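The values are calculated or read from the model by the stated rules, or taken from the named source; none is laboratory data. Computed from a prediction, not measured in an experiment: that's the story for all the values here. Cβ atoms come from the backbone with ideal geometry, glycine included; neighbour counts cover every protein chain shown.
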Amino acid sequence: MSRYDDPRVPLPGSRGEHEAQQEYDTTHRALAFYDHQVLTYLNPLMQQFIAQQEMVFVASADAGGECDSSFRAGAPGFVHVLDENTLALPEYRGNGVMATIGNIRENAHIGLMFIDFYRTTVGLHVNGKVRDMGSGELLARGGLSPALEAAATATGPLTALIWHVVEVEEAFIHCAKHIPHLQKLEKPIHWSTDDPVFKGGDAFHAKSGERPWLAASPPVES
């Protein structure tokens, strides 16, 4: 019986992932990666890494498996480590579509990708299940760091609409070899603005494009 078939200690990853590894003859490399790099919790260095990041890429999917990826940003450490098994990610005011929140209501699985473009060019994957909480519910958990308490009670542009509280299931490195090393330049950030100048305007000239859902109804002015 191979390690893929042993029910006593299930391996990380999906069945399809394991099948692909066998098909493409990468089983040995994949098992080495699982055994050396994949954790089911955040070790101290991972926690420290997250506390330094000011951006994260968020992957979610609805009940039918339709996927979405999004970008979130904030001050360094805006994604808070509650403990080695739990993260709290704030959802700030956006374009009103609520794609991530909507997906989570149908499918609790989430994938987070942190990348340090400026120093190490290392990435960190964190996959898990998420439960959404209001700031009041988060504060009622108790035992929060002063920084998280301040974030949960913040007012103004950085008021969290909701908190994605993530139960960590997998945490592992994304290797640095193909991640570009970028230089950070000063840019004023206009949090929660609706000013099209700061939002990028109609950069892809999409406003005049055809949309099937408008065929029988008038467009919404924006």
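Between residues in region 36-54 that are modelled with pLDDT of 95 or more and residues that are exposed (fewer than 14 other Cβ atoms within 10 Å of the Cβ) and of a type in the set (A, V, I, L, M, F, W, C), which pairs lie under 7 Å by C-beta distance while being six or more apart or on different chains?
54/73; 54/75
Count, please, the residues in region 191-210 that happen to be out of contact with any Leu (no Cβ under 9 Å at 6 or more places or on another chain) and surrounded by 10 or more Cβ atoms within 10 Å (Cβ to Cβ).
If we filter region 191-210 for residues that are out of contact with any Leu (no Cβ under 9 Å at 6 or more places or on another chain), which is where we start, we get 193-210.
With the extra rule that they be surrounded by 10 or more Cβ atoms within 10 Å (Cβ to Cβ), the set shrinks to 193-194, 196, 198-199, 201-202.
Final tally of qualifying residues: 7.
Can you find a residue that is in contact with a strand residue (DSSP E or B) (Cβ under 7 Å, 6 or more places away or on another chain), among the aliphatic types (A, V, I, L, M) and buried (at least 17 other Cβ atoms within 10 Å of the Cβ) anywhere in region 134-141?
yes
Only one residue in 155, 159 is at pLDDT below 95, under 19 Å from the mean Cα position of the chain (by Cα) and not charged (D, E, K, R). Which one? Spell out how you get there, then give the answer.
Values: 155 fails: under 19 Å from the mean Cα position of the chain (by Cα).
Sole residue among the options that is at pLDDT below 95, under 19 Å from the mean Cα position of the chain (by Cα) and not charged (D, E, K, R): 159.
Looking only at region 81-95, count every residue that is outside any strand (DSSP E or B) and either touching a Leu at 6+ places or on another chain (Cβ under 8 Å) or farther than 24 Å from residue 192 by Cα (or both) and tell me the total.
Residues that pass the stated criteria total 4.
Give 164, 178 a once-over and let me know the one that is surrounded by 10 or more Cβ atoms within 10 Å (Cβ to Cβ) and under 21 Å from residue 115 (Cα atoms).
Selected residue: 164, the only one of 164, 178 that is surrounded by 10 or more Cβ atoms within 10 Å (Cβ to Cβ) and under 21 Å from residue 115 (Cα atoms).
From the list 105, 119, 131, which one is basic (Lys, Arg) and farther than 30 Å from residue 10 by Cα?
119
Quick check: anything in region 69-80 more than 25 Å from residue 193 (Cα to Cα) and outside any loop (DSSP other than H, G, I, E, B)?
The answer is no; no qualifying residue exists.
Taking the condition more than 13 Å from the chain's Cα centre (by Cα) and not small (Gly, Ala, Ser), does residue 138 pass?
Judged against the criteria, residue 138 is a match.
How do the helices (runs of 4 or more DSSP H) wholly within region 122-212 filter down when requiring 1 or more residues that are aliphatic (A, V, I, L, M) and touching a residue at least 40 places away in the same chain (Cβ under 8 Å): which remain?
Those helices (runs of 4 or more DSSP H) span 135-140, 146-152.
Just to be sure, is residue 111 small (Gly, Ala, Ser) and either under 19 Å from the mean Cα position of the chain (by Cα) or surrounded by 12 or more Cβ atoms within 10 Å (Cβ to Cβ) (or both)?
On the way: small (Gly, Ala, Ser): yes; either under 19 Å from the mean Cα position of the chain (by Cα) or surrounded by 12 or more Cβ atoms within 10 Å (Cβ to Cβ) (or both): yes.
For residue 111, the condition - small (Gly, Ala, Ser) and either under 19 Å from the mean Cα position of the chain (by Cα) or surrounded by 12 or more Cβ atoms within 10 Å (Cβ to Cβ) (or both) - is met.
Does residue 11 satisfy the criteria of being touching a residue at least 24 places away in the same chain (Cβ under 8 Å) and of a type outside the set (Val, Ile, Thr)?
Details: touching a residue at least 24 places away in the same chain (Cβ under 8 Å): no; of a type outside the set (Val, Ile, Thr): yes.
No: the conditions fail for residue 11.
Across region 29-52, what is the number of residues that are part of a loop (DSSP other than H, G, I, E, B) and among the β-branched types (Val, Ile, Thr)?
Initial filter on region 29-52 (part of a loop (DSSP other than H, G, I, E, B)): 38, 40-43.
Then drop every residue that is not among the β-branched types (Val, Ile, Thr), which leaves 38, 40.
Qualifying residue count, region 29-52: 2.
Under 8 Å by Cβ, and 6 or more places apart or on different chains, what pairs join a residue from region 80-94 that is over 20 Å from residue 169 (Cβ atoms) with one that is modelled with pLDDT of 95 or more and aromatic (Phe, Trp, Tyr)?
These pairs meet every condition: 90/78; 90/163; 91/163.
Within region 9-16, can one find any residue that is more than 26 Å from the chain's Cα centre (by Cα), in a loop (DSSP other than H, G, I, E, B) and on the phi < 0 side of the Ramachandran plot? Please lay out each step first, then the result.
From region 9-16, those more than 26 Å from the chain's Cα centre (by Cα) are 9; that's our starting set.
Still in the list and also in a loop (DSSP other than H, G, I, E, B): 9.
Checking the rest, the ones that are also on the phi < 0 side of the Ramachandran plot come to 9.
Yes, region 9-16 contains a residue that is more than 26 Å from the chain's Cα centre (by Cα), in a loop (DSSP other than H, G, I, E, B) and on the phi < 0 side of the Ramachandran plot.
Give me the residue from region 96-118 that is assigned to a loop (DSSP other than H, G, I, E, B) and either modelled with pLDDT of 95 or more or of a type in the set (S, T, N, Q) (or both) and, out of that set, farthest from residue 45 (Cα to Cα). Let's see the steps before the verdict.
Of all residues in region 96-118, those assigned to a loop (DSSP other than H, G, I, E, B) come to 96-98, 107-108, 116-118.
Then drop every residue that is not either modelled with pLDDT of 95 or more or of a type in the set (S, T, N, Q) (or both), which leaves 107-108, 116-118.
Working: 107: 29, 108: 26, 116: 14, 117: 17, 118: 17 Å.
Filtering region 96-118 for residues that are assigned to a loop (DSSP other than H, G, I, E, B) and either modelled with pLDDT of 95 or more or of a type in the set (S, T, N, Q) (or both), the one farthest from residue 45 (Cα to Cα) comes out as 107.
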